[in-house]
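Reviewing the structure listed below.
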Amino acid sequence: MKRIRKSFIALILVAMLFTLAACGKDKKSDKSGTDDVLNIAVTSDIVTMDVHKTTDDYLVPMNVFDTLFEVVLKSDGSTSIEKSLVEDYSVSGDGLVYSFTLRDGVVFSDGTPLTCEDVKFTFERILTLPESEQTDYAISIKGAQELMDGTANELSGIEVEDDTHMTFTLSEPFSGFLAQLATPSTSILSKASVTEAGDDFGVVPEKTIGSGPYIITSWERGAGLTFEYNSKYWGTEPSVKKVNVRIMDASSIDMAFQKGDIDLIDCQKIDSAIVESTYKAKYADDIVAVNRLGINYLILNENTEPLENVNVRKAIQTAIDRKAILDSIYNGDGKLEDGIYPSGCLYYCDANQGWLKYDPEAAKSLLAQAGYADGFDFEICMDSNADDAIKSVIQIVAQNLNDVGINATIKNYDHASWLELRNSGDMPSFLAGWTLDYNDPDNVIYTFFGSKDNTHIRSNNYSDDATIERVAAARGIVDPKEREAEYAALEKKLVKDDAVWVPMFSLKHLYVKSDRIESFTPHWAGWSDFYFKGVTLK
Amino acid sequence: MSGFVRRCIGVILVLLGVMVLIFVILRIIPGNPAAVLLNDHVNKETIERLTASMNLDKPLPEQFFLYLAGVLKGDFGQSYYMKRPVLDLVLEAFPYTVKLTVFSALFAWIFGIGIGVISAVHHDRLPDYLFRGVSLLGVSVPVFMVALVLQYLFYFKFSLLPLVYDGSAVSMILPAIALGWNSAGSVARLTRSGLMEQFNEAYLDTARAKGLTARQAILTHGLKNAMVPVITMLALQLSGMLSGAVITESVFGIAGIGKLALSAVETRDMPLLQGTVLFSALIISVGNIISDLINRCLDPRLRV
């Protein structure tokens, strides 16, 4: 009996060991350790590869497609708009007509040439696709509204002369136009392949064809994507020839990087405590930092009592200890911002900085002046999808407000409900961030304060119509000096005089590279998506 | 036979009920799919245009009958987020979930029954205490915790297995263990107690008297009798595994039904969520009918 039992246990143990041993062997043969492959991981899958149907998923558009212009991040941290598909261009004196000469000999990865017809097709598709999310990027072109309304069949503002020469005419001057042409939103699609692919465009990798440095070779939903170098690419050959993108949760990404299976990690995707304890200690020399061209702000809704009172809003501005928050939550990796435009933004105005100081006593007297010496109930709405750092910031903000007598409470919403409430214009207050899509002050100020609808849909409800009109009008100023002065004046009026929001800080975006990577240039505005051609392998 | 027909009608009623329920719930809870799509890049015109393109501006009954008419024709609508037919997405994801569920069921059965038998044979001695401890852990530790520990041990510490699913059979091992862990625990406990009840039965003595060894008697006669309740439970657990798959698939990056449903909830992708819920309801209902049929075959007493 005893012998039997022993052999029985032994059998099971041997079986277990055998299984494990077999797995170990398989794993080694499976490993792709070639020199020109980049392995990265993201926390959530993309939704579509069609840039017209998303405002979030730019990983494919950025690497598979090209734009007319591109933004180049210089070593001193500044940016400039450079020509990409455009070889030569001129702008008329009134700022209305842009003439472009396209680079000769550019082909899509299927071998067909990229011509002005493709460019025109792209902008018409932005405006006519029923589920288009990028109309903001073509609306300034003459005839855009008519095309969207269906009263015109063509975009009258784009004239094609021949394969490489064309003009864009705007309905009114818009100085941010070239910057818009340098964003993934205006990636140039192939008329022939998009038309032929129909609904498969942006869904089936083989049918999603661009002229950029990479080809998307596979997309397994929920699991990952693979890219390969496009041998027909017109530009310099990148160092990375193949990219594997895996979808993993934060703790897996952390493990995989430390194990050497991932070459680049986006610190924003993992716990900030782990970044501090592990990465800053163990990988200090491998950290790549870029200034995020984004601003964090606390919105104050003028439609909620007593936030319509400017002194109450000013009291909230001075009651929050932003420096302590930046130091404790973000370990000082950022910069306090006192305005609307983040550091690094075009026309960033130093004169509008440095005025906002933490002063709880001043906050108390402002509250007393406004008739709220005993405080009031104040609600901050938290998006449950927000990252842990933002949630901690909200906790401290609430504490700061309680310290000056405001009864601040935090209310938690799931992402979709949070968005619905914000869009309804009834959210009393929330903390969020905005990262630039294109480097122009218009991108942030117009988004938040460019129209009544814009301030309403972000639950701000700024009440000064005259200033809102000035923000909209500033888009059309052609003279750079005049424009710079107007944007500075608007910033001062909105934030310092009217306390429209509490400006918080701009942050550094940290990445950690493995020792396989020689150098890495992140996205110029610190987006999580980046250009693979910015990676040089050892 | 009429019983079978009755059950089928029951399934159809259940599905209809599920359809109405999920449809109504999705429209009562706050959250507009167009708003989720646009997220921070929201403006009034675009949100109105997208809402209209999703038919969400139509009255609720009209939306429901449009949907019902589509379903009857085999059209489950188009995912708002992924912009593809729901049926395609569900059918694409289904094989992954089947693979995961089958592997975890296999794990649960092999290890659960194996450990249960060893525990029973060695009851109240060291191997029994050890395995009872393990199966108690199996029953009580949540899936995500098991997953994390497995990843840490087998990937990070000992480099034996891949971290996430990469299409290979080997990379299915950790997810299968993580998902099958809870079931293995309960199977082990049930097998142990079931088998121990049989030890006192007279038929085992008869078998021994006929010249079988103790091991042969237990494995050929005792185990068979102990298995009846275990098989019933396994069938029930399959539906539990479908819900556990939501977490397992997320942790291990498996593009299955659970992951699809999770993303649909987060983004308020109504057609997709309706499709995945309906599909899961169908699987569970059909699974219950099949387990009934198997039980009738196994246990003659149920056939009366």
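With contacts taken as Cα pairs under 8 Å and at least 6 residues apart, region A:191-286 reaches a relative contact order of 15 percent. For chain B, the relative contact order comes to 26 percent (Cα pairs under 8 Å, sequence separation of at least 6). Between the beta carbons of A:Asp104 and A:Lys357, assuming R0 = 51 Å, the FRET efficiency works out to 0.35 to the nearest 0.05. Computed from Cα atoms, the angle from the helix B:223-252 axis to the main principal axis of chain B rounds to 30 degrees.
Ignoring aspartates and glutamates fewer than eight residues from A:Lys323 along the same chain, the ones with Cα atoms less than 19 angstrom from its Cα are A:Glu276, A:Asp333, A:Glu337, A:Asp338, A:Asp350, A:Asp359, A:Glu361, A:Asp388, A:Asp403.
Taking 7 Å steps out from each Cα toward its Cβ at B:Lys58 and B:Ser159 produces label points 5.9 nm apart. The overall shape of chain A, judged from the alpha-carbon gyration tensor, is oblate: a/c is not under 1.5, and a/b is no greater than b/c.
Could you state the number of Å between the C-alpha centres of region A:436-486 and region A:226-267? Value for the Cα centre distance between the two parts: 38 Å. A simple count of charges around A:Ser99, restricted to other residues whose Cβ falls under 10 Å of its Cβ and scoring Lys, Arg +1 and Asp, Glu -1, yields -3. Tilt of helix B:257-267 relative to the longest C-alpha principal axis of chain B, in degrees (0 to 90, nearest 10)? Between helix and principal axis, roughly 40 degrees. With R₀ set to 51 Å, the beta-carbon distance separating A:Gln399 from B:Arg49 gives a calculated FRET efficiency near 0.75. Annotation for B:Met145 and B:Ala169: the two label points, set 7 Å from Cα along the Cα-Cβ direction, are 3.3 nm apart. Summing Lys and Arg as +1 and Asp and Glu as -1 over all other residues whose Cβ lies under 9 Å from the Cβ of A:Ile158 gives a net charge of -1. I need the shape label for region A:294-507. Rule: rounded when a/c is under 1.5, else prolate if a/b > b/c, else oblate, with a, b, c from the alpha carbon gyration tensor. Rounded shape, in that the Cα axes give a/c under 1.5. Within region B:178-273, the trypsin sites (Lys or Arg not before Pro) that combine a DSSP coil assignment with at most 12 other C-beta atoms in a 10 angstrom radius are B:Lys210. Compared with the dominant principal axis of the Cα atoms in chain B, helix B:44-53 is inclined by about 60°. Take the alpha carbon gyration tensor of region A:40-142, find the square roots of its eigenvalues, order them as a ≥ b ≥ c, and report rounded if a/c is under 1.5; if not, report prolate when a/b exceeds b/c, else oblate. Judged from the Cα gyration tensor, region A:40-142 comes out rounded (a/c under 1.5). In chain B, helices alone account for a calculated mean residue ellipticity at 222 nm of -24500 deg cm²/dmol, with every DSSP H run of four or more residues adding -39,500 (n - 2.57).
Each stretch of four or more DSSP H residues adds -39500 (n - 2.57); spread over every residue of chain A, this sum gives -9000 deg cm²/dmol at 222 nm.
Summing charges over all other residues whose Cβ lies under 15 Å from the Cβ of B:Tyr96, with Lys and Arg as +1 and Asp and Glu as -1, gives -3. The GluC sites (Glu not before Pro) of region A:158-231 meeting both criteria, a DSSP state outside H, G, I, E and B (loop) and at most 13 other C-beta atoms within 10 angstrom of the site's C-beta, are A:Glu161.
We did not get these values from a lab; they are worked out from the coordinates using the rules stated. This is a predicted model, so every value here is computed, not measured. Virtual Cβ from ideal backbone geometry, glycine too; neighbours counted across all protein chains shown.
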